């Protein structure tokens, strides 16, 4: 039986990051994954989604090219060929992940692992019949798409299928869901030319984000031709000829593809891997409850990423189910356990981006949350047409917002909708992590002409 320092269950971003870093510090590590290495992000999430986001944005770029004097003949797109190219890139990245683990000395087992028993000095892990004796176990199994109990739900597809499979571009698509994934997939299909409807229960998508950001992005998506059906709940789905008919929304809608993006949950991945037998505390969705050190209720069993729940520590885990967060958590564990170094994950200034059309990004807290937490805030806003679209009749406008603590002048929130929002927010997240004040923003010389300069030239508080 192999004797290990750490056994990692799950080959996604968090598990791989922890395994590699722990091995680099001399720990003996094994990792089990019964699917493909890379997890949700690489295989069926961030990477294929971003490639599709790029592809869906080309028609807009071509329209701007015409505004700038370029002319070309008939434009055609091979959607199926594009998806095949996307999948070749994912396969290349998966191979790189395997190479990185091999290079770090991590033993990789292609099997579903379970904690078979607890021992005085650790645990016995069964990975496809191969037994391992390990001092600690890290659970990094991620999450899977959640489907509500709706008649006809067997006819729908999940984001996993959209981002992994190869298929023809559907003519009509309905995307159900108001979070990151729903918004992004709706914009992708709309960009490629499908007649697309985004269906959500509330008034606007992206609950939890700043209200002004949500409102502006909703207006911009509608201006791009995306139909958004607010306050709508699908009650039943049925076959209707060659299509699928959605009932419960008015008017009823018939489409060729229905995509459910109603969230992801840790179950069933955290079930059946030995956690219940050990009495590991989990929440109602199967997420493992952890403390500040990512330790579960059972010493020696840790968890990171989407399968963990920090709720008891005052951290809103649902807003931080992000790949870079899982990576940071995994590395923090390895540093603390195998390098005697405390590495803190800064949850208060995590930047995040929605790869919609146009893009949106955010760092820090919203205006509503700032008020709820007792801050006396000043608000700074900018709303303008970007230079890159001024030669045409494009509807896109850039929106920027700063939420500032009046007492300390510290920037609490930074929010944007517009081209390159994801790239722009990264630098400002660094400044906010360093504790930047509004005066620091004001003292920074702007890059001109650029959209990003508006963040350091807004000087008059918003009155409204």
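The values are calculated or read from the model by the stated rules, or taken from the named source; none is laboratory data. This is a predicted model, so every value here is computed, not measured. Glycine gets a Cβ as well: all are built from the backbone with ideal geometry, and neighbour counts include every protein chain shown.
Within the range 61-76, which residues are surrounded by 13 or more Cβ atoms within 10 Å (Cβ to Cβ) and in contact with a helix residue (DSSP H, G or I) (Cβ under 7 Å, 6 or more places away or on another chain)? The answer is 64, and nothing else.
Going through the range 207-227 one residue at a time, which ones are touching a residue at least 40 places away in the same chain (Cβ under 8 Å) and on the phi < 0 side of the Ramachandran plot? Spell out the reasoning first.
Let us first name the residues in the range 207-227 that are touching a residue at least 40 places away in the same chain (Cβ under 8 Å), namely 208-213, 216-217, 220-221, 223-224, 226.
Listed by number, the residues that qualify are 209, 210, 211, 212, 213, 216, 217, 220, 221, 223, 224, 226.
Across the range 354-378, the number of residues qualifying as touching a residue at least 24 places away in the same chain (Cβ under 8 Å) and either over 27 Å from the mean Cα position of the chain (by Cα) or on the phi > 0 side of the Ramachandran plot (or both) comes to 5.
Is there a residue being closer than 20 Å to residue 130 by Cβ, more than 27 Å from the chain's Cα centre (by Cα) and either surrounded by fewer than 17 Cβ atoms within 10 Å (Cβ to Cβ) or modelled with pLDDT under 95 (or both) anywhere in the range 3-19? Scanning the range 3-19, I find at least one residue that is closer than 20 Å to residue 130 by Cβ, more than 27 Å from the chain's Cα centre (by Cα) and either surrounded by fewer than 17 Cβ atoms within 10 Å (Cβ to Cβ) or modelled with pLDDT under 95 (or both), so the answer is yes.
Looking across the range 167-192, the residues that are within 15 Å of residue 356 (Cα to Cα), touching a residue at least 60 places away in the same chain (Cβ under 8 Å) and assigned to a loop (DSSP other than H, G, I, E, B) come down to 177, 179. Scanning the range 381-400 for residues that are surrounded by 14 or more Cβ atoms within 10 Å (Cβ to Cβ) and in a helix (DSSP H, G or I) yields 388, 389.
If you go through the range 401-430 and keep only what is assigned to a helix (DSSP H, G or I) and touching a helix residue (DSSP H, G or I) at 6+ places or on another chain (Cβ under 7 Å), you end up with 428, 429. All of (1) outside any helix (DSSP H, G or I); (2) touching a residue at least 60 places away in the same chain (Cβ under 8 Å) hold for residue 204 with one exception: (2). Could you list all residues from the range 181-196 that are touching a strand residue (DSSP E or B) at 6+ places or on another chain (Cβ under 7 Å) and surrounded by fewer than 23 Cβ atoms within 10 Å (Cβ to Cβ)? Of everything in the range 181-196, those that are touching a strand residue (DSSP E or B) at 6+ places or on another chain (Cβ under 7 Å) and surrounded by fewer than 23 Cβ atoms within 10 Å (Cβ to Cβ) turn out to be 194, 195. Among the residues in the range 113-126, are any closer than 30 Å to residue 57 by Cα and surrounded by fewer than 17 Cβ atoms within 10 Å (Cβ to Cβ)? No; the residues of the range 113-126 include none that is closer than 30 Å to residue 57 by Cα and surrounded by fewer than 17 Cβ atoms within 10 Å (Cβ to Cβ).
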